[in-house]
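Working notes for the structure below.
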Amino acid sequence: MAKLNFNPIKKHVIEFARRFSEDEVTSLSAQLSYFFLLSLFPLLIFIVALASYLPIDYLRLLEMMSAYIPVEAMQLIENFLFETMDSSGGGLLSIAIIGTIWSASNGINAIMRALNKAYDVEENRSFILGRLIAISLLLSVLLLIVVALLLPVFGRMIGVYIFSFFGASEQFISVWNGLRWVISSSIFFVVFLYLYKMAPNAKVYFKDAIWGALFATVGWQVSSYGFSLYVNTMGNYAATYGSLGGVIILMLWFYISGIIIILGGEINAMVADHRGRLKT
């Protein structure tokens with residue numbers, strides 16, 4: 001019986017560990033968590049303010065977010081939104097748009113710098129071009145959030161409406177009820193793919209970016225769910241940090257998310273390097 005050759009796997013693991021250390025993944029993830037926190041609340045204001053103009057109950061959107069975000073962090077977010085909506089005036093949406101674009105694009109810029117490090121390239125794009133790329137990526141992320149949240153909440157309603165024209169059976173509607181979760185994950189994958197394609201200041205091929213996008217899609221959902229489960233069942237941050245417990249949990253969640261995003265970029269850079277297609 002032929003023996004399995006684990007040398008190639010070992011080689012890739014060693015290279016991955018070297019990149020993890022040399023590219024300071026944990027330090028960059030800490031920076032990303034800071035920008036993510038600054039971007040979160042203007043983004044939430046924008047989404048809730050926009051939902052007020054649409055036939056959407058934002059409370060149900062918050063309910064869907066709770067599947068990924070720990071309870072204490074969700075309480076912080078909900079309290080912030082309730083206070084904001086109670087004290088807001090008619091100009092909330094316009095203010096939220098400005099705040100979201102500026103704050104969240106800074107977070108995207110941080111991701112761009114982190115991915116440039118993964119590809120060992122310098123950022124030489126102009127400020128205007130870099131900001132335009134960041135805004136376009138931001139709009140993609142907003143689309144991801146809206147659609148990924150709308151499908152689980154309104155998926156059945158949409159399915160019944162669409163397939164009513166074709167006389168679909170109740171059994172087929174049940175299948176659609178499960179497929180909408182797959183569609184949500186597919187949207188995550190597409191946005192991550194676009195992020196890894198456009199963010200680095202390097203020529204990135206879709207064939208190389210697929211692997212990092214797949215890792216980020218699965219890794220982010222699994223890690224978010226796992227972290228939420230851990231905090232809700234075993235981690236008592238409120239007892240340790242008091243009223244700051246929700247902020248600490250948010251920062252830890254953003255930190256884990258940053259690691260997943262950067263590792264996806266590292267995987268793409270490794271694939272491109274091994275295929276000899278890494279061009280700056």
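The values are calculated or read from the model by the stated rules, or taken from the named source; none is laboratory data. A quick note: this is a predicted structure, and the numbers were derived from the prediction, not measured. All Cβ positions, even for glycine, are placed from backbone atoms using ideal geometry, and neighbour counts span all protein chains on display.
Residues in segment 210-233 that are closer than 17 Å to I111 by Cα and at pLDDT below 90: W220 alone. Taking the criterion of being charged (D, E, K, R) and at pLDDT 80 or above, would at least one residue in segment 189-203 satisfy it? Yes, some residue in segment 189-203 is charged (D, E, K, R) and at pLDDT 80 or above. Scanning segment 190-209 for residues that are crowded, with 18+ Cβ neighbours inside 10 Å and more than 21 Å from F127 (Cα to Cα) returns V191, F192, L193, D208, A209. At least 1 residues being at pLDDT 80 or above and more than 23 Å from Y194 (Cα to Cα) is the threshold, and among the helices (runs of 4 or more DSSP H) wholly inside segment 23-140 those reaching it are 25-51.
No other residue among S169, S164, S185 is modelled with pLDDT of 65 or more and out of contact with any Leu (no Cβ under 7 Å at 6 or more places or on another chain) apart from S185.
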